[in-house]
Amino acid sequence: MFNLKGRVAVITGASSGLGRQMATGFAKQGADLVLLARRIERLEDLKRELEPLGVKVLPIKCDVTNSAEVDAAASVTELTFGKVDILLNCAGASRDKGALDMNDEEWNFTINTDLTSVFKVTRAFGNIMKKNNYGRIINIASMYGLVGNDKIPTIAYHSSKGGVVNYTRAAAAELAKYNITVNCICPGYFYTELTTDVLQTEDFQAFAKEHVPMQRYGMEGELNAGAIFLASDEASYVTGVILPIDGGYTAV
Ligand SMILES: NC(=O)c1ccc[n+]([C@@H]2O[C@H](COP(=O)([O-])OP(=O)(O)OC[C@H]3O[C@@H](n4cnc5c(N)ncnc54)[C@H](OP(=O)(O)O)[C@@H]3O)[C@@H](O)[C@H]2O)c1
């Protein structure tokens, strides 16, 4: 079960953090990869690291907020592989400010990067899936797409990730007729190269102990099983699902 050999998986935000981790997880299951991000040199590094596993890897420099670049990436992918089976929308970034302090630029930056990009990338690659009557789309939202928080004021992030959650349900309902499933993973805090320093502070360690039932943050690779399951042939009747992987944070 969960063998991805022969499948073509497109992953946005593959140049670092969770996208890079899940790209590695997919490659270990045998999937060929199309890696999207702006830092092409990091994607080239990952290609060198993963190709020895026997998979094909196509890195594409792409700003996921730019429709022309996204559409061009989809065309190159279709020309190279002739199909897209799996799309993992993982690219994201945030400007953190509160509801009464955030300016228009900060709001638009976050909504464009975290929500509108999911719409643009899914439109471009979903149309290739539709032609082949097969698709597995997985959106990476956040536990903060399900609840608010009183620790870090980050209103646009909550709004965009909440949008991704309900985008997932609406797209699942709409695309089921093309045999395309659309699901969403809501991670809690995970250690990545960008978050590790903050998450290891005394303050954040105390927060984990108090608010996360598992009493710790997510470790490298702990999203992979969920993503691989949703990407697999075996998940053929699973769609519109919102899967928190957050150590129980949203369960209490
Ligand atoms: N880490 C956590 O604790 C956590 C928790 C919940 C949800 N998440 C979500 O998980 C996803 C990945 O987060 P992460 O922690 O792995 O962050 P990260 O290490 O900062 O990675 C973000 C990725 O998104 C890409 N990206 C950002 N803006 C882009 C743009 N305009 N065009 C193309 N690519 C863009 C970056 O690539 P380039 O800079 O090379 O373009 C990078 O590969 C995000 O959606 C985030 O909201 C993370």
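By the scheme Lys and Arg +1, Asp and Glu -1, what is the net charge of all other residues having a beta-carbon under 11 Å from that of Tyr178?
Numbers: positive: Lys130, Lys131, Lys177; negative: Glu174.
Overall, the nearby charge balance is +2.
Give, rounded to the nearest 20 debye, the magnitude of the charge dipole that segment 45-88 has about its Cα centre when Lys and Arg contribute +1 at Cβ and Asp and Glu contribute -1 at Cβ. Provide the component values of the computation, followed by the final result.
Values: 5 positive and 8 negative charges, 32 e Å.
With only Lys, Arg, Asp and Glu charged at Cβ, the dipole is about 160 debye.
Based on the Cβ-Cβ distance of Ala170 and Ala225, what FRET efficiency does E = 1/(1 + (r/R0)^6) give at R0 = 35 Å, to the nearest 0.05?
Working: r = 26 Å, r/R0 = 0.75.
Taking R0 as 35 Å, the efficiency between Ala170 and Ala225 is 0.85.
How would Leu46, Leu58, Leu87 line up from fewest to most surrounding beta-carbon atoms within 10 angstrom?
On the way: Leu46 23, Leu58 18, Leu87 30.
Ascending number of Cβ neighbours within 10 Å: Leu58, Leu46, Leu87.
Label Tyr237 and Ile40 with points 7 Å out from Cα along Cα→Cβ: what is the distance between them in nm?
Placing both labels 7 Å beyond Cα along the Cβ direction yields 4.6 nm.
So what J values fall out for segment 147-153 if you push phi through Karplus, 6.51 cos²θ - 1.76 cosθ + 1.60 with θ = phi - 60°, rounded to Hz, Gly and Pro as x?
With the stated coefficients, segment 147-153 comes to 9, x, 7, 10, 9, 10, x Hz.
FRET efficiency for Lys131 and Lys209, Cβ-Cβ distance as r, R0 = 35 Å, nearest 0.05?
Values: r = 50 Å, r/R0 = 1.43.
It comes to 0.10.
Measuring from label point to label point, each 7 Å out along Cα→Cβ, what is the Thr201 to Thr250 span in nm?
My value for the distance between the label points is 2.5 nm.
What's the local net charge at Thr154, with K and R +1, D and E -1, over the other residues with C-beta under 13 Å away?
Values: positive: Arg95, Lys97, Lys151, Lys161; negative: Asp96, Asp101, Glu106, Asp114, Asp150.
Net charge in that neighbourhood comes out at -1.
For the chain, find the longest principal axis of its Cα atoms and tell me its angle to the long axis of helix 155-175, 0 to 90°, nearest 10.
30
Any number yet on Rg/Rh for the chain, C-alpha, Kirkwood?
Values: Rg = 17.4 Å, Rh = 18.2 Å.
Result for the chain is an Rg/Rh of 0.95.
Given the options Thr154, Thr12, Thr195, which has the most mean-square fluctuation in a GNM of the chain, springs set between C-alpha atoms less than 10 angstrom apart?
The residue that fluctuates most here is Thr195.
Normalising by the residue count of segment 35-118, find the relative contact order in percent from Cα pairs under 8 Å and 6+ residues apart. Let's see the in-between values first.
Details: 66 pairs, mean separation 20.5, N = 84.
After rounding, I find 24 percent.
Determine the dipole magnitude for the chain: charges of +1 sit on the beta-carbon of Lys and Arg, -1 on that of Asp and Glu, nothing else is charged, the reference point is the Cα centre, and the result goes in debye to the nearest 20. Kindly include the intermediate steps, with their values, before the conclusion.
On the way: 25 positive and 29 negative charges, 190 e Å.
So the magnitude is around 920 debye.
Values quoted throughout were computed directly from the atomic coordinates according to the rules given, and no laboratory measurement underlies them. This structure is a prediction, so every number in the text was calculated from the model and none was measured. Here the Cβ is made from the backbone with ideal geometry for all residues, glycine too, and neighbour counts use every protein chain on show.
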